[in-house]
Each structure stands twice: as structure tokens, then as C-alpha cells.
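The structure appears right after this line, and notes come after that.
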Amino acid sequence: MRDAAARHRILIGTAVEPSYLAEPEYAKILSDEFSMLEPENNLKFGQVHPRPDTDPNPYDFSGPDALVAFAQAHKMKMRGHTLVWHNQQPRWVTGGGLTPDQLNKALQSHIKTVVGRYAGKIFAWDVVNEAFNDDGSMRHTVWYDRPGIGFADQGAAYIEQALRWARATDRRAKLFVNDYGAETIGKKSDAIYAMAKDFRKRRVPLDGIGFQLHCDLSFDRPEALDSFKANLQRFADLGLDIHITEMDVRLRNNSPESLDQQAKLYGDVVKICGGQPRCKVIQIWGFTDKHSWLRNGHGLLWDENYQKKPAYDAFLRPLLGK
Ligand code: XIL
């Protein structure tokens, strides 16, 4: 997959947990088939920065460092996930003990430290993850909530600030906002689009949009796929890159019919990305059903026993031009 995709200048990525690298099949498929990886959990605030800055040892870089080493050994790129999110945060952040000013300083130093450590090693960052509600309003989080990190009632101002801190730390990294449920045109993608348009106009350092694409077979309808295509196009027209960041296709069962439908949907998404010059990454959220966050959802390209599923061939075929 990685060689076939390289001919289209597309990176094929997957989410990874370092502990699985000890399984030989896991490590082999990862390095043979993928040109990119992303820590599934290791760079989330709670894992990488579990203790406050007053602690002698506030950070734990062991997981992401191991993944950087693997990526470099196998000539893979690495994506960073994620700097600002409402989930998987440490108690010292969410506990309510910090004033807006302290929260602001904590986030700034978090971004500087983490982005700085991986400058030149991580080529793109999900700077902010899942900042929007499905109705297009902004999600209430510790970072946003009035006064959040100090921007009372100013909408996406905290996102802008996070992007600026990231850019100030690593001028070369591509900076993304990432979300789910924004693949097709609708209230949520409209809100992200309006923000992105404003950011581009004002030269706020936003380089691209991450579309998670956790989906099920209901996405395999012409209306959904056409809307997805049109949505990518409008973001591309703003001069933004597009990364598909967390794809999986949840199934109710793994009957041959379901597996074939799943395969078709993977193929359709690869074709749509391949047809959009600004779509530069297709990443799946894990690759073996053995280690999927969906548990029994059969969502990925390899089954629990590391056997290729029909989805593997369907994913590869358009990359081979077939
Ligand atoms: C998930 C991981 O896959 C799980 O291992 C973890 O327990 C919870 O988070 N959207 C995201 C990802 O942006 O970070 C989430 O990852 C899945 C949904």
C-alpha cells in the first residue's frame, strides 16, 4: 500500500500503540504497508503531560519517543495527535484548580514543550481535536469555556491561539484541526469551514483539516459520498490540505456480505482522496481488528489473526490504478 500510494503522493497511515510493536506480525505489517503512523494515545495531554509543571517530572515521552524511533527506522512519517482536546486530560488540568491565566500558561508551555521536542520528527499536528458540536456550535471544554484560556465569548479564539503557539514553536510542521462527523456538508462542517475561511483570510496558521471518518456502512450511499467529495473540494479551494485521519468502518457482523460492502466503501474513499489533489493522507485507526478501539466492530483492513480482509484489496486497487 505504501509504495502504490507514494506514486500518487499520498501517505498511508495508521494509529499505533508502542506496546503492540512486540508482536512480530504487527510490526511487520506496520512497516511493510504504511508510510506514516500516529500515536493512538501516547501524545494526548493526559499521557504525555500527566503531572503539573511544578512537579519535577511533568512529562512522559517514552511512548512517542519509541514511535519516533520506529518511524525513522522504517522511513515513515509521523503525525501528532493531539495538543488540545476535551478527552483524556489529566486531573491537574480538569480539576478546576487553575485560573484562566494559569490555564493559558499551562497550554502554552504544553504546546511549546511537546511540539518543540518533536520538531523535524512530527510533520503534521492535530493542534485542536473535536472543538465543534454536531450543530456547529463550539464544544464546551476547559479550554473554551468562558473564560477558558482567557478569551471570554470569542468563539474560535482559543483555537487561533493554539495554532499560533504551535507555529511559533515549529515553523515547518503542518497544523490541522481535526474532527469527526464533518465529512459531509452540514452544520458541523459549515462551522469548521467558516472558521477556516476566516483563519485563511487573516493568515492564522492553519494548514489543513483532518476528517476522522469513523463511519459505518450508511456512509456508502451516493448522496453521502458526493457530499464528502464536494466538502473536500470547498476546503481544498481555501488552499488547505486534507488528511483522512482515523478511518474505520464499523460492522454489525463479519458476514461475507458485510465484509464486501465494507471493502467497497474503503475503495470509494480511497478513490475520492486520490481524485482530490489536496488530499494527502489516508489514515486508518489501527489496522488489525485485534487491536481496534471498536472492539467487535470489525472495522479495519486485517482481521484479529492478521489476515487481510476484502477491504485490503479494495483499498489497494485504486492506488494501483485498477
Ligand atoms: C481513542 C483510542 O483509539 C482509544 O484507545 C482510547 O481509549 C480513546 O480514544 N477520536 C479521536 C481519537 O480523536 O483520539 C480516539 O481514540 C477515537 C475518536
Applying the selection to region 46-55, what residues are in a helix (DSSP H, G or I) and buried (at least 21 other Cβ atoms within 10 Å of the Cβ)?
Val48
Being farther than 21 Å from Leu238 by Cα and aliphatic (A, V, I, L, M) is the filter; apply it to region 144-165 and report the residue that is least open to solvent (accessible area, probe 1.4 Å).
Ile149
For region 12-29, which positions are within 16 Å of the ligand (Cβ to nearest atom) and either free of Cβ contacts under 8 Å to residues at least 12 places away in the same chain or part of a helix (DSSP H, G or I) (or both)?
Pro18, Ser19, Tyr20, Leu21, Tyr26
Top-ranked residue in region 209-224 [being assigned to a helix (DSSP H, G or I) and over 16 Å from Cys273 (Cα atoms); ranked as farthest from the ligand (Cβ to nearest atom)]
Glu223
Residue within region 80-89 that is crowded, with 20+ Cβ neighbours inside 10 Å, of a type in the set (Gly, Ala, Ser) and not in a loop (DSSP other than H, G, I, E, B) present:
yes
Verdict on Asp53 being of a type in the set (Asp, Glu), at pLDDT 95 or above and over 30 Å from Lys308 (Cα atoms):
yes
Which listed residue is without any contact (Cβ under 8 Å) to a residue 40 or more places away in the chain and open to solvent by 10 Å² or more (accessible area, probe 1.4 Å), from Lys280, Lys322
Lys322
Report, by residue number, each residue of region 3-29 that is open to solvent by 20 Å² or more (accessible area, probe 1.4 Å), out of contact with any Leu (no Cβ under 8 Å at 6 or more places or on another chain) and not polar (S, T, N, Q).
Asp3, Ala6, Arg9, Leu11, Glu17, Tyr20, Ala22, Glu23, Pro24, Glu25, Lys28, Ile29
If you take the residues in region 30-45 that are within 16 Å of the ligand (Cβ to nearest atom) and part of a loop (DSSP other than H, G, I, E, B), which one is surrounded by the most Cβ atoms within 10 Å (Cβ to Cβ)?
Leu43
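So that you can scan it fast, the table gives a plain yes or no per residue for (1) open to solvent by 20 Å² or more (accessible area, probe 1.4 Å); (2) away from the ligand (no atom under 15 Å from the Cβ); (3) farther than 20 Å from Thr94 by Cβ:
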| position | (1), (2), (3) |
| --- | --- |
| Trp125 | no, no, yes |
| Ala131 | no, no, no |
| Asp134 | yes, no, yes |
| Arg167 | yes, yes, yes |
| Leu175 | no, yes, yes |
If His86 satisfies every condition in (1) within 15 Å of the ligand (Cβ to nearest atom); (2) farther than 25 Å from Asp55 by Cβ but one, which is the exception?
(2)
Considering residues of region 225-280 that are of a type in the set (S, T, N, Q) and in a loop (DSSP other than H, G, I, E, B) only, the residue farthest from Leu213 (Cα to Cα):
Ser255
Check whether at least one residue in region 104-116 is farther than 30 Å from Ile284 by Cα, basic (Lys, Arg), free of Cβ contacts under 8 Å to residues at least 24 places away in the same chain and open to solvent by 60 Å² or more (accessible area, probe 1.4 Å), and report yes or no.
yes
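The values are calculated or read from the model by the stated rules, or taken from the named source; none is laboratory data. The shown structure was predicted, so the numbers you read here are calculated from the model rather than taken from an experiment. All Cβ positions, glycine included, derive from the backbone under ideal geometry; neighbour counts span all protein chains shown. Only protein heavy atoms, including side chains, enter the accessible area calculation; ligands, DNA and RNA are left aside. Shrake-Rupley method; radii C 1.70, N 1.55, O 1.52, S 1.80 Å.
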